[in-house]
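> The following block contains the structure, expressed as structure tokens.
The values are calculated or read from the model by the stated rules, or taken from the named source; none is laboratory data. Computed from a predicted structure; not experimentally measured. Cβ placement follows ideal geometry from the backbone for every residue including glycine, while neighbour counts extend to all protein chains displayed. SASA here: full protein model, heavy atoms, side chains in, ligands and nucleic acids out. Shrake-Rupley method; radii C 1.70, N 1.55, O 1.52, S 1.80 Å.
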Amino acid sequence: MNIHEFQARELFAEFGVATQPGSVANTPTEAETVATGLNQGKLVIKAQIHAGGRGKGTFKNGFKGGVHLCDTPAEAKDLASKMLGQVLVTHQTGPEGKEVGKIFVGEAVDIARELYFAILIDRATSVPVVIASTEGGVDIETVAEKTPEKILRLSINPFLGIMPYQTRLIAASLGLTGPLMNQASKLFTNLYRLFIERDCSMVEVNPLVVTTDGRLMALDAKFNFDDNALYRQPSIVAMRDVTEEDPREVEASKHSLNYIGLDGNIACLVNGAGLAMATMDIIQHAGGSPANFLDVGGGATREQVASAFRIILADSRVKGILVNIFGGIMDCDVIANGIVEAAKETGLSIPLVVRLEGNNVEAGKKTLAESGLKLESGENILDAANRIVAAVKAAA
Amino acid sequence: MSILVTPETKVLIQGITGSFGARHAKLSLEYGTKVVAGVTPGKGGQLFESQVPIFDTVDQAVRETGATVSAIFVPPPFAADAILEGVAAGLDLVVAITEGIPVIDMMKVKEAMKGSKTRLIGPNCPGLVTPGTGEKSHGGCRIGIAPGYIHKKGNVGVVSRSGTLTYEAVWQLTTRGYGQSTCVGIGGDPINGTSHLDILKMFNEDPETEAIIMIGEIGGTAEEEAAAWAAQHCTKPIAGFIAGATAPEGRRMGHAGAIVSGGQGTAAGKIAALRAAGIEIAETPSDMADALIRRMKR
């Protein structure tokens, strides 16, 4: 799950992580009010969408840039009126862009140094790892590739948490001395506490800045939360913005289906995550392009299969469907009936290839054959993939 | 021999009275597995299916029945506690089937398990099967949720992060006449108890295992580590399959651990590492058993 920049700042404020003063605004008047409440000086106005590249983006109304500097609350109001309710297109949004419903109004800061600080859970060692670098404001992968000696990695004991000596060690490696070392220790300690208490899988502060007047603060941050822990994080769940998500995925999540939208035209419906990934791969192997990842799970019901069909068919890009089921415990005939019911109910008019294997497979195949539906059966996964790719090409 | 469990292994089930646990406990009993105890706090003294005694604690169950292995079916909020209860009772092996355990909980479990004698498999895994000698492999040790009947007793070891891909591989082997020594699903979470490498080492030392299928997917570097070891030390033929070549970067593909991030953990990188180690690559999931047969004839 992702959150907005202003929500990240709210989390920082809650946990005492120093950040740029400012607040969110929903209307131009609110933007003016927020700006009036801030210290006099330069202001920054930032469009709140999940996608990156906002500064270099363009609004569909022709207004350039999703990030602006200004001097007065009146100017903030004017800028807000040009951004709110408008659609911003960046290199990450795709050509359709994203509507801007909220903006962040903050005090602009004069940056002396840009640093990098992140916490994530390291799979190899199964403990949290801090990654820090003097090279902030740029892509950390590039730093890791070109100047790996400028990256510090430090493991944290999950029972002790980040120790004071570790925060000082990191601060020293970043050249944060004197009063900045104390600020750094406090910031790192509080950020670690936020990471653990809110079940993050990653927090990346980039850049972490030193201002010209000697303050250390988190200027921009990216959070990833552990989906498995959302059941105990109601305040994080409340930050979910479904308008930022693929509508197909939002609908699927309502039916407890594990769905991820892709750009291809052959949809797939599979039981099991590994098999679902492998089915996408085999569609490509056969010369097609997968439209989605969809795992209906080991205990899928007829209703879930029917919902899955509706979601797949609501996507106008989809020109064919491949169903791939290995019914280990699940009865293949139950699945076959679910497919038949869903296909009839949705008035299926595009090619459908079904590959069934496993428990009670003969009855399942018989149900499909006698359904009167125009569908093909695949002998194995590769055969099924070849058939659906051929059928979609023939229909085009 | 097999690895980890034999048909004689005494198994207890934590969460035996939940619908998920009960269903699979029953299937294991029907397969002929020695399910000797169940644990559900507050239901001690009752019987499961009129034959398996239920205990309030794992400790009691172990002392009364001699169980050495546990399968965990409890819901995610209670799973970390259940695993550590099994560890504290001195079990040899704890198999956590539960999907959806917070990663911070698993991090603490792994830290707390350091120095203990217990091995953890999973979480978020289908469990393991050592097939039996009866019809449709009846009489084997089935721990978890895999379909028992697809197996056949034999000499191929299977290790995988994915349940359904394991079943695919097993079924392909069985229908081609190749049986299995033990099939292990290590689970799809980013932090798990047992890695591909751990299982490869066991298969390499197991006299009954003559060949190995290793199934991986995007995310992490566990497959690469296993392949690097195998290139130097493994004396047995291996075939491999990696899922997720078409997965977009930064998206979690069903399994919590199946994610490509920062260009790391890609299918292409893993396939290259496996190939470099002399592992025969299955080009598609339909090709897993055939890839192993090709490798054995090479």
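> Report whether or not B:E280 is open to solvent by 10 Å² or more (accessible area, probe 1.4 Å), free of Cβ contacts under 8 Å to residues at least 60 places away in the same chain and more than 9 Å from chain A (Cβ to nearest Cβ).
Taking the combined requirement at face value, the residue satisfies it.
Results for (1) within 22 Å of A:M277 (Cβ to Cβ); (2) outside any strand (DSSP E or B); (3) open to solvent by less than 40 Å² (accessible area, probe 1.4 Å); (4) modelled with pLDDT of 90 or more, shown as yes or no for each residue.
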{"position": "A:V323", "(1), (2), (3), (4)": "yes, no, yes, yes"}
{"position": "A:N337", "(1), (2), (3), (4)": "no, yes, no, no"}
{"position": "A:A343", "(1), (2), (3), (4)": "no, yes, yes, no"}
{"position": "A:S349", "(1), (2), (3), (4)": "no, yes, no, no"}
{"position": "A:R355", "(1), (2), (3), (4)": "yes, no, yes, yes"}
{"position": "A:T367", "(1), (2), (3), (4)": "no, yes, yes, yes"}
{"position": "A:L382", "(1), (2), (3), (4)": "yes, yes, no, yes"}
{"position": "A:V389", "(1), (2), (3), (4)": "yes, yes, yes, yes"}
{"position": "A:A394", "(1), (2), (3), (4)": "no, yes, no, yes"}
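> Which residue pairs have Cβ atoms closer than 8 Å, lie 6 or more positions apart in sequence or on different chains, and pair a first residue in segment B:151-168 that is part of a loop (DSSP other than H, G, I, E, B) with a second residue that is of a type in the set (S, T, N, Q)?
B:H151/B:S137; B:H151/B:T174; B:H151/B:Q180; B:K152/B:S137; B:K152/B:T174; B:K152/B:Q180
> Going by the structure shown, is A:A363 touching a residue at least 24 places away in the same chain (Cβ under 8 Å), farther than 19 Å from B:T164 by Cα and either open to solvent by 50 Å² or more (accessible area, probe 1.4 Å) or assigned to a helix (DSSP H, G or I) (or both)?
yes
> Of A:D281, A:D213, which residue is modelled with pLDDT of 90 or more, open to solvent by 10 Å² or more (accessible area, probe 1.4 Å) and within 14 Å of another protein chain (Cβ to nearest Cβ)?
Criteria check complete, one pass: A:D281.
> Looking at this structure, is B:E249 assigned to a helix (DSSP H, G or I), surrounded by fewer than 24 Cβ atoms within 10 Å (Cβ to Cβ) and either at the interface with chain A (Cβ under 7 Å from one of its Cβ atoms) or in contact with a Gly (Cβ under 9 Å, 6 or more places away or on another chain) (or both)?
Spelling it out, it is not the case that B:E249 is assigned to a helix (DSSP H, G or I), surrounded by fewer than 24 Cβ atoms within 10 Å (Cβ to Cβ) and either at the interface with chain A (Cβ under 7 Å from one of its Cβ atoms) or in contact with a Gly (Cβ under 9 Å, 6 or more places away or on another chain) (or both).
> I'd like the residue in segment A:309-341 that is within 14 Å of chain B (Cβ to nearest Cβ) and of a type in the set (G, A, S) and, out of all such residues, is farthest from A:T367 (Cα to Cα).
A:G328
> Of everything in segment A:229-252 that's within 13 Å of chain B (Cβ to nearest Cβ) and free of Cβ contacts under 8 Å to residues at least 12 places away in the same chain, which residue is farthest from the chain's Cα centre (by Cα)?
Looking at residues that are within 13 Å of chain B (Cβ to nearest Cβ) and free of Cβ contacts under 8 Å to residues at least 12 places away in the same chain, I get A:Y231.
> Before we move on, is B:K117 of a type in the set (D, E, K, R), in a helix (DSSP H, G or I) and open to solvent by 20 Å² or more (accessible area, probe 1.4 Å)?
No.
> For segment A:125-158, how many residues meet the condition of being touching a helix residue (DSSP H, G or I) at 6+ places or on another chain (Cβ under 8 Å) and either not acidic (D, E) or not in a loop (DSSP other than H, G, I, E, B) (or both)?
Within segment A:125-158, residues that are touching a helix residue (DSSP H, G or I) at 6+ places or on another chain (Cβ under 8 Å) and either not acidic (D, E) or not in a loop (DSSP other than H, G, I, E, B) (or both) number 16.
> Restricting to segment B:120-144, name every residue that is surrounded by fewer than 23 Cβ atoms within 10 Å (Cβ to Cβ) and in a loop (DSSP other than H, G, I, E, B).
B:G132, B:T133, B:G134, B:H138, B:G139
> Moving on to the next point. In segment A:124-141, what residues are more than 17 Å from A:L208 (Cβ to Cβ) and either open to solvent by less than 70 Å² (accessible area, probe 1.4 Å) or more than 11 Å from chain B (Cβ to nearest Cβ) (or both)?
Selection gives A:S126, A:V127, A:P128.
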